[in-house]
1. Regarding segment 163-181, can at least one residue be identified that is buried (at least 23 other Cβ atoms within 10 Å of the Cβ), outside any loop (DSSP other than H, G, I, E, B) and of a type in the set (A, V, I, L, M, F, W, C)?
2. Collect the residues in segment 299-313 that are within 16 Å of HIS331 (Cβ to Cβ) and either small (Gly, Ala, Ser) or part of a helix (DSSP H, G or I) (or both), keeping them in residue-number order.
3. Given (1) closer than 25 Å to VAL173 by Cβ; (2) assigned to a loop (DSSP other than H, G, I, E, B); (3) modelled with pLDDT of 95 or more; (4) not assigned by TED's automatic domain parsing to the domain that holds ARG115, where does LEU423 come up short, assuming only one miss?
4. For residues that are modelled with pLDDT under 90 and in a loop (DSSP other than H, G, I, E, B), scanning just segment 246-288, find the one that is surrounded by the most Cβ atoms within 10 Å (Cβ to Cβ).
5. Do we find a residue being of a type in the set (A, V, I, L, M), more than 24 Å from TYR422 (Cα to Cα), in contact with a helix residue (DSSP H, G or I) (Cβ under 9 Å, 6 or more places away or on another chain) and modelled with pLDDT under 95 anywhere in segment 349-363?
6. Taking the options ALA107, ALA88, name whichever one is among the small types (Gly, Ala, Ser) and either closer than 24 Å to ASP364 by Cβ or part of a helix (DSSP H, G or I) (or both).
7. Hey, can you tell me all the residues within segment 127-155 that are farther than 20 Å from GLN336 by Cβ, surrounded by 21 or more Cβ atoms within 10 Å (Cβ to Cβ) and either under 21 Å from the mean Cα position of the chain (by Cα) or without any contact (Cβ under 8 Å) to a residue 24 or more places away in the chain (or both)?
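The values are calculated or read from the model by the stated rules, or taken from the named source; none is laboratory data. Remember, predicted model here, so these are calculated numbers, not experimental data. Here the Cβ positions follow ideal geometry from the backbone for every residue, glycine too, while neighbour counts run over all protein chains shown.
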Amino acid sequence: MYKPSSPYADEFISHQEILDTLADAERESRNPARVAEILEKAALLKGLSHREAAILMECTDPATQERIFSLAADIKQRFYGNRIVLFAPLYLSNYCVNGCVYCPYHAKNKTIPRRKLSQEEIASEVRALIRTGHKRLAVEAGEDPVHNPLEYILDSIKTIYSVNEGGNSIRRVNINIAATDVESYRKLKAAGIGTYILFQETYNKEQYQRLHPTGPKSNYCWHTEAMDRAQEGGCDDVGIGVLFGLAGYKYELVGLLMHAEHLEARFGVGPHTISVPRICPADDISVEDFKDALPDQVFRKLVAVLRVAVPYTGMIVSTRESARMREQLLHCGISQISGGSRTSVGGYTTTERHDETAQFDVSDTRPLDEVVRWLLENDHIPSFCTACYREGRTGDRFMSLCKSGKISLCCTPNALMTLKEYLVDYASPATREAGERLIARSLSDIPEGRIRELTIQHLDEIGHGAHDFRF
């Protein structure tokens with residue numbers, strides 16, 4: 001049975017409901033009146049159900065597909081403007097007891113060197129990241145109760161926030177670690193995390209169990225119900241995602257949206273972010289092992305359908321994707337990207353682009369300054385903003401502002417002010433010049449006169465050395 005508000009994974013992610021949805025979508029996608037009805041609903045910016053999204057995913061008519069892409073771009077612009085939030089992953093440890101067959105950190109991989117950063121090494125990594133201009137990190141660690149206990153993660157968060165480099169520091173630490181219990185989520189929230197992130201990998205339970213033969217992660221229900229426990233522990237900003245290519249993408253799309261609907265039904269607020277990684281090569285892993293790997297065109301459409309279905313949710317793409325693909329996805333609804341990323345343990349304090357501790361190959365290898373300049377040249381505002389988290393606008397408070405459209409009164413000014421900080425402190429001359437031009441053009445996008453005046457004032461103060469203004 002399908003029960004969106006149930007606390008049980010087998011009920012809020014119903015295998016039979018997904019199969020029925022896909023069967024119905026194949027039939028209904030051939031009904032022009034039904035498709036037009038769904039597109040009209042999407043244009044109202046209220047989102048779509050998993051059944052409606054599945055129908056759009058099935059549509060192959062070129063005009064309909066172009067309408068989906070156009071809607072996705074318009075929805076992203078309406079809610080997020082031309083802002084693109086930037087972050088970097090920070091890998092603490094690749095020790096892991098799980099047997100995930102798609103991940104080089106799996107316990108049976110004897111070729112990968114195992115490494116865990118000390119607190120001193122973490123501080124060095126953070127200093128290196130701050131020196132490039134980053135303000136927001138996503139902390140990553142394998143699941144290992146001996147090498148990576150919760151106490152280690154909590155100590156690491158404290159270390160990250162304590163580092164001050166040239167008057168700057170990390171302002172938001174998001175956490176991507178294994179599913180845990182409610183009390184541990186309470187401790188993570190008390191430590192000051194931003195978003196708790198956990199990818200489902202695949203919602204197909206049978207495939208999930210094949211891909212996770214050993215370790216704590218092999219428990220499908222424990223893993224799938226993690227976001228419920230995180231919410232119960234006070235982590236009201238949660239980020240979900242699947243690793244596309246592990247199972248059929250249409251199945252995963254429906255499962256992902258059912259998970260979002262479940263969080264909305266049970267807690268009154270859907271996911272803060274949805275990530276869309278694709279399977280890619282890594283040590284001991286080949287994409288040829290996965291028959292469901294997505295071609296680029298299908299991936300673009302999937303991202304667009306997701307944006308139309310969940311208009312209020314931040315959507316993230318990482319440096320797994322190439323610069324070319326990331327540019328295309330920015331026009332399909334992506335609102336957050338990583339930049340200047342290293343996916344190895346200790347990767348920011350080494351001169352090597354890749355070493356044997358990397359979790360996956362990075363396709364977009366450009367340094368952060370180059371990524372920032374690229375965004376500017378494409379008329380995007382690179383944003384290092386962390387204001388909502390620091391002002392307590394999380395969970396339902398953030399979503400209510402977002403749905404009302406009022407969040408834009410804060411977002412554009414905050415994005416421009418954090419961009420100005422980057423330009424003053426870290427940018428190359430070419431990037432600084434491009435950034436100043438974009439800031440000047442963007443001030444008119446702030447609709448409220450008093451907020452615009454204050455923003456201009458704060459931008460001038462930042463230019464003279466002041467920092468950390470926010471609305």
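1. Taking every residue of segment 163-181 in turn, at least one turns out to be buried (at least 23 other Cβ atoms within 10 Å of the Cβ), outside any loop (DSSP other than H, G, I, E, B) and of a type in the set (A, V, I, L, M, F, W, C).
2. Applying the first criterion (within 16 Å of HIS331 (Cβ to Cβ)) to segment 299-313 yields 299-308, 311.
Residues satisfying the conditions are PHE299, ARG300, LYS301, LEU302, VAL303, ALA304, VAL305, LEU306, ARG307, VAL308.
3. (2) is the only condition that LEU423 fails.
4. Only one residue tops the list, namely ILE279.
5. yes
6. On the way: ALA107 fails: either closer than 24 Å to ASP364 by Cβ or part of a helix (DSSP H, G or I) (or both).
Exactly one residue qualifies, and that residue is ALA88.
7. ALA141, GLY142, GLU143, ILE153
Matching residues to (1) surrounded by 14 or more Cβ atoms within 10 Å (Cβ to Cβ); (2) touching a residue at least 40 places away in the same chain (Cβ under 8 Å); (3) out of contact with any helix residue (DSSP H, G or I) (no Cβ under 6 Å at 6 or more places or on another chain):
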position: PRO4; (1), (2), (3): yes, yes, no
position: ASP24; (1), (2), (3): yes, no, yes
position: ALA33; (1), (2), (3): no, no, yes
position: GLU52; (1), (2), (3): yes, yes, no
position: GLN65; (1), (2), (3): yes, yes, yes
position: ALA73; (1), (2), (3): yes, yes, yes
position: LEU86; (1), (2), (3): yes, yes, yes
position: TYR95; (1), (2), (3): yes, yes, yes
position: ASN98; (1), (2), (3): yes, yes, no
